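Here is the structure we will look at, set down as structure tokens.
FYI, it's all coordinate maths here, none of it is from the lab. What you see is a predicted model; the values in this text were computed from it and never measured.
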């Protein structure tokens, strides 16, 4: 059994949803509290997962607006 950090699990699941089109380009991710409730993790874990998605170039966060899926190059 592979052990992984919770934030990686959350980021991987969100990345799969983005790549499958369930969260479309331009679509807004649920807010921190909603994601924390959905995944049963802390807000800090959600923040780190979203940072991971930003690092991968999958989403962009706009202050006061939310986090949105961006178009993928290639």
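Across the range 6-69, the mean sequence separation of Cα contacts (distance under 8 Å, 6 or more residues apart), normalised by length, yields a relative contact order of 42 percent.
Expressed as a whole percent, how much of the Cα-Cα distance distribution for the range 6-69 exceeds 20 Å? That tail contains 14 percent of the Cα-Cα pairs.
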